[in-house]
Amino acid sequence: MHHAQTLPTPLHENLEHSTQLRHITTTAPGAEPGIDFTRTSSEYDHISMQCQIEVIEYGINNVTFREYDNQGFLEYLEGPDSTKSSISQVRWLNIRGIDWTIIRALSLAYDIHPLAVEDIFQATVDSRSKADYYPKHIFLQCLALLHAPRGEDPDDHSGAPSELGARQGLHLRHRGNHATANNDIEVGQSPYTSTEKPGTGSPSSSRRHLLTTPSRRRAATTEAAIRRLREKEKINVKERNIYIFLTRDGTLISIHESMDSVNDVALKQRLHRPQTLLRSTADASVLLQSLLDLVVDHAIEVVDAYKDQLLLLEQATLLKPDMETARLLHMLSADIMLQKRAMTPLKSLIYGIRRYDLDRCLALNAALGEDSVEPSKVCGFISQQSKVYLADVYDHIEYVLSSLEMFQSTTENLIGFSFNVLSYDMNHIMRRLTLATILFLPLNFLTSYFGMNFQVMSSIEGSDLLFWKIAIPCTVALVLIFSWKDVKKFGQYISAKNKSRNVRKAHSLLKSK
């Protein structure tokens, strides 16, 4: 018995990057929705990595910063410090990395809905940004676009040893610091189904097979080949999911799927200054607005990168269009279309929480049977001041989408222009060849005629004057016949040019008088 054939290493690594699974597991049809984090199960124990966790508490007059590793954060949640201080209006739990024990502890401590937990563990590369309202919190899933430096693999989560990539899935290491190696991945088996018996703790548990069906393997192979063709000229854009929970008591939880997610250093620097909006309002929904604004600001950097490349390609197209430039424009157009598709749901998310926050809370109360609560006493998750600044974020995302749409139209126009110019050049070449053929057609005919082996042909004895007496009139006649329209157009052009010159002369004489 042999195992399924393993792909060669270079292509195999690309296939890992190409798979559409991003995180942990897939559910069978008809399975129970959500993840029950209250049960003690080893089903998700293999989802383990060392996270970077920050606990930031702040108010108008104070701010505290604390950092924890996984074990320290678990002890923090179980200790007395987990209760928010009375002098701190906002608590921000900022977590980089996905670890099952951390997510489970957060879910129990803050009563996070099982459907929201499921969204974290089953996000895919094409996950849409969205906002879900639950009784105890609001859940936001945001897809951020980050501009990566040229030469850096945009799908390489280089921030942690266990992270491999956005398109390959969060290949998380197992307990005992046993990382999954590339050679441990075989084609044809489930990526997240353990083959060892429960409780054995065998190292073979690290074998997570990414490609499960023939159609998925074929798609992954094609995507890997396309990736290789595009990797040198493509603008590096990283796609990273961010999960945000906002509770009623002023706690905001942000979970980044990788270490190299959005750079939030600027937000922390603002928290150090009492006169900033975050500190002066001490409002968790304003912190939420700042995170969304940060995501959109990163998207603007991506737009600027596309703009720079488009300007260079436009210059090259206008100077001398060729097929290489058209190929780069085609790749750029495809990338822009994908980024536009990724950013459009974020626009709906921002508009929805700004415009319908209170309406959704009222609908949620009605669904929970709390109709007795007066609508005037129902409060939304988003404050009025936060809504004011969300309008500015909405304007920015509008700019991002309108710019991407304009870039896509420009690339398509440049591609059309390139092919039109190339087609015109080819037509011009064929025209010159046709003209040369017309010029030499009578000469070839007469040369063939007079070159025949006649026994007696007195006309060719002596001078070749007879040949030219026949060839020149025939050549002129054929040129006029085949290019009469061009000759006529040239005559009309000369006539119009002379008339225009005469009009300018007459106008200049009138001015001089």
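The values are calculated or read from the model by the stated rules, or taken from the named source; none is laboratory data. Note that this is a predicted model, so its numbers are computed, not measured. Counting neighbours? That spans all protein chains shown, and the Cβs are built from the backbone with ideal geometry, glycine included. Note: accessible area is taken over every heavy atom of the protein model, side chains too, but ligands, DNA and RNA are not part of it. Shrake-Rupley method; radii C 1.70, N 1.55, O 1.52, S 1.80 Å.
Across the cross-link table entries 320/489; 238/347; 234/268; 320/499; 238/320; 136/268, which are compared at the Cα atoms, the separations over 24 Å belong to 320/489; 234/268; 320/499; 238/320; 136/268. Counting protein heavy atoms only, the range 256-352 has 58 percent of its accessible area on carbon and sulfur, 1.4 angstrom probe.
Residue ranges 247-256, 439-448, 136-145, 394-403 sort as 136-145, 247-256, 394-403, 439-448 when ordered by packing (mean number of other C-beta atoms within 10 Å per residue, highest first). Other residues with beta-carbon under 13 Å from the beta-carbon of residue 245 carry, at +1 per Lys or Arg and -1 per Asp or Glu, a net charge of -1. The listed peptides 466-473, 336-343, ordered by packing as a protection proxy, come out as 336-343, 466-473 (highest mean of other Cβ atoms within 10 Å first). The residues of the range 231-331 expose on average 39 square angstrom of accessible surface per residue, using a 1.4 Å probe on protein heavy atoms. When you count the other C-beta atoms within 10 angstrom of each residue and take the mean per peptide, 64-70, 422-428 line up highest first as 64-70, 422-428.
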